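The values are calculated or read from the model by the stated rules, or taken from the named source; none is laboratory data. Every value quoted in this text rests on a predicted model; they were computed, and no experiment measured them. With ideal geometry, Cβ positions are generated from the backbone for all residues, glycine too; neighbour counts draw on all protein chains shown.
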Amino acid sequence: MISIIIPHKKGVPYLKDALDSIKDLTYKDYETILVIDHSEDDLEEVINKYKDIINLRVFYLDDKEGCASARNLGLDEAKGEYVFFLDSDDYFFGDYLGKMVALMDDNTDIVYSDFKRTWFRRGVYKESQANYDEKKKEAITLRKVQKEFEFTDVKDFMINRNKRMETVSVLGCLYRKSLFIDNNIRFDDDLHFFIDAAVFMKLYTKAKGIRPCEGTTYIKRYHNDKETNMAIMQHSKIETMPHYFKSYKAAVDVVKADLEKHYDLKLHLNLILCIFVVNEYIRYIRWSPDKEWKNEYYNELKSLMADVDMKVLKMWDFTPGEKKLLKKFATCDFKYIQSKSKRILAVRKIRKFRSNRRIFFRTVSLHIFSKLSMKNDWVCFESFLGRNYSGQPKYIYKYMLENCGNKYKYIWFVDNKNVKVTDGKCKVVKRFSLKYYYYMNRSKYLVLNMRQPKTVPIRDEMIICATWHGTPLKRLGFDMEDVHSATANHKSFVKTNSARWNYMLSDNPFSTEKFQSAFLVKRSQILESGYPANDIMYYDNKDEIAADLREKLGIPKDKKTILYAPTWRDDDYTEGGHYNFKLALDLDRLKKEFGDEYVVLLRMHYYIIDSIDLSSLSDFAIDVSSYSDISELYLISDMIITDYSSVFFDYANLRRPVIFYTYDYEKYKDVLHGFYLDMHKDLPGPILMTEDEVIDAIRNIDKVNEEYKERYDEFCERFCCLDDGHASQRVVETVFKD
Ligand code: C2G
């Protein structure tokens, strides 16, 4: 039998993924030991749900705390011949443990699986994404290539999995329990971080045999909610430093017990320490030495470095400066090491200047541009990260052109030269160019509809009007359990980013409420103005604008139009903040059904990079994804089909039919995002799961209108109540009141 030991501190949704992994095992000869480490989670429901299905026993830590104590208690209680440690935020797939246990024999004490990292939930995880995460992480932390690393037996295992102290881990391995009992191996209760290193070295050095298990992967999950559920590795280095040293020392002591046999392991640990020193420690040492902890840690580190075999310098691509520092560490005084560290960091910065212009611009910005006087009449605009000339910024700008005359100088930030600012006279500046930093520093106002970038310094005096880009149906920011598609510090970023907004626009009281919980903005930051981009739907000349656009797009006069505007999927991620989208509508079929009456306008979300080949359907379907302003597209659309995008909140101002094609509703609702509203009760149109239903609804659109009339009225009263064609005016009069 396998005893699966799970320590749990925080995060019910994570735990559910872990328990689901066990539930899905075909191999059933196991027990699950859940050790609760002073958790504040309400776990009753989860425990009741899984109790009988996964042979679960629950234990609580009393006096002690921490993952080490929890695992020790689990070991004490384990009845199985084998033990497996599963962290409550990790998971695996398929018959993972069944495959591993099948490889255990008289000569094997440890079977290990592949090991991957991701910040995706189990339902969203895809191999390609994990590889992407992995690659990205490697690029950041292990940019160098390990050279001439001669390990005798399980070289790949050691190198691939144990690159840093936090990855010298007991996870992803099935152990014969007698290894622990016979050798009296336990986790050190005093350690709260890096608890695995010494235990792993003991297990590894005592094991009779160790074998890989092909086709199995342990999935270690990152947290990206540092604010409310901090992962162990997200704690500050200052907090974890003493644990690092103690853990490292204990691990080295294990291998030193039989140094002749395990010299390669000692070298490996030495190398890990040296990499830590040049990657992390010099950042702390660079500051003044007067704080007690620095001297204390410095002396500790000095003694650890005295034991390092300098052969390791050849095993890694250290720079000459780093090599010199590592060689001198054990013998030189603090002052020398500090000045050397400063020099190394300065050289790195200069190198970064060369390879990354943005870092150079940022430095110029901090040291030069930020000292220049601020221009009270300069206003910067940016829409959808500079990818469009559209949204609330466009309509605020247009209003200012007409009503503020030459009082202001206007600057538009664009992502590429295809983005054309077609109105008025303004300066067009490429995002992240040197000029961009210049204008960001000198302009008093910034009007944008997404977040301001975290790497661009923003002066305290700047007034930021964050217009945002839609009433939320799907959950946002802090209202999401986890943001799958974002980096580890995403929620912290959201918090500091939105705290900086002087004004955040809201289109209705519903958004006002949700934005406060999603972005942690205060009520006083929110301007319930309605959306400037919706003003166009109340323009007197809106029919003329529509007629011009129809002609420009080549839509025949006798045809009606359907705008298909779906949103993006968190789990269809490619690189660089872009997503893919697979069209779930058969356009040939739609053409056969409606080709005589309608033209379909396909509008992909601005995150989507896939372009859809419509060449064979040119007289029926038009790709309008690159058309900047979706508000103008609303004007020419006789109905809209969407899924979970917020487009319908805006479109509803026109009171034209809305159809929801939600073929992946369950996944989107439960796994990917979750919703603020009950789609089946609150929305102004039918929720359809199949193409047949969509076709049927289009065919009977008058009937659909009739059926949803009452609900449409209620919807508009709730969500379009502030839009009246004057939102831009309200915003300008408030934000630019001085
Ligand atoms: N959009 C677009 N084309 C699409 C989808 C969206 O031009 N096919 C634009 C619309 O202006 C829409 C905005 O992007 O209002 C936001 O799109 P969403 O699909 O709602 O997605 P997201 O960018 O994640 O915004 O609170 C706002 C949203 O809920 C979050």
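Considering PRO457, PRO453, the condition of being more than 26 Å from PRO13 (Cβ to Cβ) and touching a Leu at 6+ places or on another chain (Cβ under 6 Å) is satisfied by PRO457 alone.
Within the set ARG362, ARG348, ARG343, the sole residue that is under 18 Å from TYR438 (Cα atoms), of a type outside the set (Val, Ile, Thr) and outside the structural domain of TYR436 (by TED's automatic domain parsing) turns out to be ARG362.
Conditions (1) touching an Asp or Glu at 6+ places or on another chain (Cβ under 8 Å); (2) away from the ligand (no atom under 16 Å from the Cβ), marked per residue:
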position: THR455; (1), (2): no, yes
position: TRP468; (1), (2): no, no
position: THR471; (1), (2): yes, no
position: ASN502; (1), (2): no, yes
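Please return the ranges of strands (runs of 3 or more DSSP E) entirely within the stretch 9-85 where 2 or more residues are in contact with a Phe, Trp or Tyr (Cβ under 9 Å, 6 or more places away or on another chain).
30-36, 82-85
Taken together, the residues in the stretch 349-392 that are crowded, with 21+ Cβ neighbours inside 10 Å and within 16 Å of the ligand (Cβ to nearest atom) amount to 10. If the condition is being in a helix (DSSP H, G or I), near the ligand (Cβ under 9 Å from one of its atoms) and in contact with a Leu (Cβ under 7 Å, 6 or more places away or on another chain), then the stretch 630-657 contributes only LEU633. Just one of the numbered conditions (1) part of a loop (DSSP other than H, G, I, E, B); (2) of a type in the set (Phe, Trp, Tyr); (3) surrounded by 19 or more Cβ atoms within 10 Å (Cβ to Cβ) is not true of TYR627: (3).
Residues of the stretch 53-66 include at least one that is assigned by TED's automatic domain parsing to the domain that holds CYS213, in contact (Cβ under 8 Å) with a residue 60 or more places away in the chain and surrounded by fewer than 22 Cβ atoms within 10 Å (Cβ to Cβ).
Can you confirm whether the stretch 425-446 contains a residue that is away from the ligand (no atom under 13 Å from the Cβ), under 25 Å from the mean Cα position of the chain (by Cα) and at negative phi?
The answer is yes; a qualifying residue exists.
For the stretch 409-425, which positions are among the hydrophobic types (A, V, I, L, M, F, W, C) and either in contact (Cβ under 8 Å) with a residue 40 or more places away in the chain or not assigned by TED's automatic domain parsing to the domain that holds GLN452 (or both)? Across the stretch 409-425, the qualifying residue is only VAL419.
Hey, could you check the stretch 596-609 for residues that are hydrophobic (A, V, I, L, M, F, W, C) and either outside any loop (DSSP other than H, G, I, E, B) or not assigned by TED's automatic domain parsing to the domain that holds ARG699 (or both) and say which is farthest from the ligand (Cβ to nearest atom)? Among residues in the stretch 596-609 that are hydrophobic (A, V, I, L, M, F, W, C) and either outside any loop (DSSP other than H, G, I, E, B) or not assigned by TED's automatic domain parsing to the domain that holds ARG699 (or both), the one farthest from the ligand (Cβ to nearest atom) is VAL599. Residues that are of a type outside the set (A, V, I, L, M), within 16 Å of the ligand (Cβ to nearest atom) and crowded, with 16+ Cβ neighbours inside 10 Å do not occur anywhere in the stretch 587-595.
When VAL111, VAL46 are checked against the criterion of being assigned by TED's automatic domain parsing to the domain that holds VAL199 and closer than 15 Å to GLY172 by Cβ, a single residue qualifies: VAL111.
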